[in-house]
Amino acid sequence: MKINKKWVAAAILVAVVAVPLLIKAGRGESRTEVEVVVAAEQEIRPTILASGVLAYLTEVNLTSEVVAKVREILVAEGDTVEKGQLLLRLDPETYRNAIDREQASRRQSLISIERQRLALALAETRLTRGESLLARRMIGQSDYDDLRNARDLAKVELQSSEEALRRADAILEEAREQLAKTDILSPIAGTIVDLPIKVGETAIPSTNALAGASLMKIADTSAIQAELKVDEADIARISLGQAADVYAAAFQDTALKGKVAKIALAPTLEAQGRAYEVTVLLEVPEGVALRSGMSARADIFLGDGGKSLAVPVEAVATEETEDKQVKRHVWVDRDGTARKVEVEVGLSDDRWEAIAKGLQAGDRVITGPAKVVRGLRDGDRVEGKLRDEGGKDKDGEGDEAAEDGEDDAG
C-alpha cells in the first residue's frame, strides 16, 4: 500500500499544533505574568523647575551725588561696617569755594537790606514833614504825592532786598549739602562686597555702568535669597509661602530649603518668551558659604506634601474617544483577571499619580511589563507578581517601564 506524502505532512502539522494545546489543557488555563502595585496613599510633591541667581537679602550700591575726585578710601573689600560709618571722602575744595561765594552774596544782601531800611526811614520822615507843610499850604499836592511815592518805593526795594537774602540763604544751604555729600557714609550695617573705585578716580552721579558711577556695594550677608525666573505658563501655580529646594552651582548636591517670599507682578522679556521673577528666601545651613551672583536652580513644590491615594505614573494610560474627549484608565488584577478601570487623576510628580476617582486603597494595579500591558484585553487571565519598588527603580527597569507607559499614553 502506497502512503500519500501529502497526508503525512498534514498529520505532522496537526500534531505540532495540537500537542502543545493538549499539554496546556492538561496543566490548566494559561495566565500572563504581570507586575502589580497595591494602590495606597503616597506623598505627592509636584514641582516647577526654575533657574536664576543668588542675591543677598539687602544690597546697596553706593553712588556719588556730586562730581569730584576720590581723595581717601577708609575701608577695604570684605570689611564689616556699621550704619553711618564714614567710608570714603571726595575732594571738597570745589564745594567749599561755592560756600565762600554764597556767603559773600549773603553778606551783600544784608548790606542792601540795611541800606534800604535807612532809605525807607528817610522817606517816612520826609513824608511826615510834607504832610505838615501841605496842611499849612506851603507845598502843593503834587509835591506831597512825590514824597508819598518815594516812601512806597523804598518799601518795595526793602522787600526785594529781603527776598534776595532768602534766595542767598537757600543757595548757601544747597552748597553746604553738596559739601556734606563729599563724605560717603554707610546707609546700612553690613559687609563691603565690591569696591571698584580707587583714589584719584573721578566719581560721577550716574546709574549707568560707567567708570566712576559705582563707588562700592554693601550687603547684609547674614541673609540670602534666590531670584528665580518662572515661565509665564507656570506662574499661575506659584503662591506665597510655597516650599522650594534651591541648588547653588557651587553646592549642587546640597538642597537649600526656602519659601516663596515675593512674586513679581510684571514680566521680564526672555530670549524665548516672558518670565516672572520669583524670590525665595533661603535657610542656609552651617558650613555652606553662599555668595551673591551664584547661579542656581530650584524645584518649587506645588503640593502641600500631604498623602493621597496614588499609583505609579506608568500605570495610568490615556486614550482619546471618537468625540475628542481624553480619558484615563488603569488595569487592575481582580482575582487573577485583568479589568480596565476608568479613573480621574489629580496631582502627579515624577513617580506617583494621584487617583481622585475610580480606585480604592488595596486595589492591585498592573504596572508592567509595558509591552504586556499594551496587549491586555478586559477579562484576560493574569498572574500578578508584586513589584519590588526599590529594586525596580534602583536598577533602572522601573524608569524604562515608565517611558514605555508614557508612549502608550500618547
Log entry, pairs with first residue in the stretch 256-270 being polar (S, T, N, Q), second being assigned to a strand (DSSP E or B), beta carbons closer than 8 Å, six or more apart or on different chains, reads Thr268/Lys229; Thr268/Arg274; Thr268/Ala275; Thr268/Tyr276; Thr268/Glu277
Which of the residues belonging to the stretch 83-98 are out of contact with any Gly (no Cβ under 9 Å at 6 or more places or on another chain) and either part of a loop (DSSP other than H, G, I, E, B) or at positive phi (or both)?
Gly84, Gln85, Asp91, Pro92
Condition met for Arg166 (basic (Lys, Arg), over 30 Å from Leu87 (Cα atoms), touching a Gly at 6+ places or on another chain (Cβ under 8 Å) and modelled with pLDDT of 90 or more):
no
Counted residues in the stretch 334-355 being surrounded by 13 or more Cβ atoms within 10 Å (Cβ to Cβ) and under 23 Å from Ile44 (Cβ atoms) come to 12
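Might you check whether a residue that is more than 30 Å from Val75 (Cβ to Cβ) and touching a Phe, Trp or Tyr at 6+ places or on another chain (Cβ under 7 Å) occurs anywhere in the stretch 215-234?
Narrowing the stretch 215-234 to residues more than 30 Å from Val75 (Cβ to Cβ): 228-234.
Remaining after also requiring touching a Phe, Trp or Tyr at 6+ places or on another chain (Cβ under 7 Å): 230, 232.
Within the stretch 215-234 (the criterion being more than 30 Å from Val75 (Cβ to Cβ) and touching a Phe, Trp or Tyr at 6+ places or on another chain (Cβ under 7 Å)), the answer is yes, since at least one residue qualifies.
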Given the condition open to solvent by less than 20 Å² (accessible area, probe 1.4 Å), closer than 30 Å to Ser186 by Cα and among the aliphatic types (A, V, I, L, M), answer yes or no: does some residue in the stretch 52-60 qualify?
yes
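Being of a type in the set (Val, Ile, Thr), surrounded by 13 or more Cβ atoms within 10 Å (Cβ to Cβ) and assigned to a helix (DSSP H, G or I) is the requirement here; does Ile113 meet it?
Details: of a type in the set (Val, Ile, Thr): yes; surrounded by 13 or more Cβ atoms within 10 Å (Cβ to Cβ): yes; assigned to a helix (DSSP H, G or I): yes.
So Ile113 passes the test.
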Considering the stretch 224-254, residues that are open to solvent by less than 40 Å² (accessible area, probe 1.4 Å) and under 15 Å from Met294 (Cβ atoms), and then whichever is nearest to the chain's Cα centre (by Cα), we arrive at Leu228
Failed condition for Ala168, given (1) out of contact with any strand residue (DSSP E or B) (no Cβ under 8 Å at 6 or more places or on another chain); (2) hydrophobic (A, V, I, L, M, F, W, C); (3) surrounded by fewer than 19 Cβ atoms within 10 Å (Cβ to Cβ)
(3)
Number of the condition not met by Ala209 [criteria: (1) under 30 Å from Tyr247 (Cβ atoms); (2) surrounded by 14 or more Cβ atoms within 10 Å (Cβ to Cβ); (3) at pLDDT below 90]:
(2)
The listed residue being part of a helix (DSSP H, G or I), without any contact (Cβ under 8 Å) to a residue 12 or more places away in the chain and either farther than 30 Å from Val67 by Cβ or among the hydroxyl-bearing types (Ser, Thr, Tyr) (or both), out of Ala121, Ala150, Ala154, Ala104
Ala121
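The values are calculated or read from the model by the stated rules, or taken from the named source; none is laboratory data. Just so it is clear, the model here is predicted, and its values are computed rather than measured. FYI the Cβ positions are ideal-geometry reconstructions off the backbone, even for glycines, and counts take in every protein chain you see. Surface areas here come from the heavy atoms of the whole protein model, side chains and all, with no ligands, DNA or RNA. Shrake-Rupley method; radii C 1.70, N 1.55, O 1.52, S 1.80 Å.
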